[in-house]
Amino acid sequence: AQSVTQPDIHITVSEGASLELRCNYSYGATPYLFWYVQSPGQGLQLLLKYFSGDTLVQGIKGFEAEFKRSQSSFNLRKPSVHWSDAAEYFCAVGARSFQKLVFGTGTRLLVSP
Amino acid sequence: NAGVMQNPRHLVRRRGQEARLRCSPMKGHSHVYWYRQLPEEGLKFMVYLQKENIIDESGMPKERFSAEFPKEGPSILRIQQVVRGDSAAYFCASSTDSYNEQFFGPGTRLTVL
């Protein structure tokens with residue numbers, strides 16, 4: 001069965017500092033991988049996705065993620081965090097068909113001045 | 001192109017009442033997914049529908065919950081005889097097919113008193 005682990009429940013980063021959010025997945029084949037962001041009271045917005053090809057994926061708002069098959073990881077990074085990045089971030093994995101996404105429990109990002 | 005629409009955005013029900021949540025997918029999307037987000041948790045898949053067909057309902061509770069996506073009109077998630085444990089945010093997503101990304105609506109926040 002597919003599963004996603006986001007080991008950090010909360011992370012606090014200073015504005016302007018770099019960010020890395022961790023995501024580990026369990027899946028028997030090559031997965032579809034996603035990062036979504038959720039602002040309070042809002043729906044989910046797709047930041048980026050990995051289907052195949054280049055393992056370094058660029059997304060919106062300056063985010064990127066790297067797929068590492070050997071580590072079963074898909075960590076999200078941003079070189080310089082802005083106060084508006086404060087939100088909850090979800091990593092998700094999907095099968096090659098049906099797209100039944102399995103989500104991690106999320107990481108809440110706080111940005112300090 | 002309007003995004004995924006969900007209504008109502010907030011719904012309050014007393015125990016034992018029925019809740020009906022509506023989802024209008026993006027234009028051109030014929031695949032709909034429902035997810036539930038309990039407080040402080042990630043999203044959990046409930047059901048995947050195409051027009052007039054339930055494709056995968058493996059995440060749906062066996063009792064009290066049902067979903068439909070008729071030929072005309074929105075997809076409906078129906079919860080009969082609600083209990084306090086049904087209080088959650090219910091998100092709908094849509095896609096053009098099962099191999100493409102899902103776009104999420106803003107969610108319906110159900111509160112059961």
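The values are calculated or read from the model by the stated rules, or taken from the named source; none is laboratory data. Since this is a predicted model, take the numbers as computed values, not measurements. All Cβ positions, glycine included, derive from the backbone under ideal geometry; neighbour counts span all protein chains shown.
Output the residues belonging to region A:49-60 that are touching an Asp or Glu at 6+ places or on another chain (Cβ under 8 Å) and at pLDDT 95 or above.
A:Leu56, A:Val57, A:Gln58
Restricting the search to region B:1-29, which residues are small (Gly, Ala, Ser) and surrounded by 14 or more Cβ atoms within 10 Å (Cβ to Cβ)?
Residues satisfying the conditions are B:Gly3, B:Ala19, B:Ser24.
Only one of A:Phe103, A:Phe63 is of a type in the set (Phe, Trp, Tyr), surrounded by 21 or more Cβ atoms within 10 Å (Cβ to Cβ) and modelled with pLDDT of 90 or more; which?
From the options A:Phe103, A:Phe63, the qualifying one is A:Phe103.
Just give me the residues in region A:81-96 being under 16 Å from the mean Cα position of the chain (by Cα) and assigned to a loop (DSSP other than H, G, I, E, B), in sequence order.
A:Val81, A:Ala86
Need pairs with beta-carbon distance below 6 Å; first residue within 30 Å of A:Ser84 (Cα to Cα) and within region A:16-34, second small (Gly, Ala, Ser) and buried (at least 19 other Cβ atoms within 10 Å of the Cβ); sequence gap 6+ or separate chains.
That search, which allows pairs on different chains as well, returns A:Tyr32/A:Gly94; A:Phe34/A:Ala92.
Just to be sure I understand, how many residues within region B:26-49 are under 13 Å from the mean Cα position of the chain (by Cα) and either among the hydroxyl-bearing types (Ser, Thr, Tyr) or more than 19 Å from A:Ser3 (Cα to Cα) (or both)?
Number of matching residues: 6.
Report whether or not A:Ser70 is surrounded by fewer than 16 Cβ atoms within 10 Å (Cβ to Cβ), over 21 Å from B:Gln102 (Cα atoms), at pLDDT below 95 and among the small types (Gly, Ala, Ser).
yes
I need a count of the residues in region A:1-29 that are closer than 13 Å to A:Leu109 by Cβ, within 14 Å of chain B (Cβ to nearest Cβ) and β-branched (Val, Ile, Thr).
The number of residues fulfilling the criteria is 1.
Exactly one condition in (1) within 9 Å of chain B (Cβ to nearest Cβ); (2) not in a strand (DSSP E or B) is false for A:Phe34; which is it?
Condition (2) is where A:Phe34 drops out.
Looking only at region B:95-113, count how many residues are more than 7 Å from chain A (Cβ to nearest Cβ), outside any strand (DSSP E or B) and of a type in the set (Ser, Thr, Tyr).
Here the count works out to 1.
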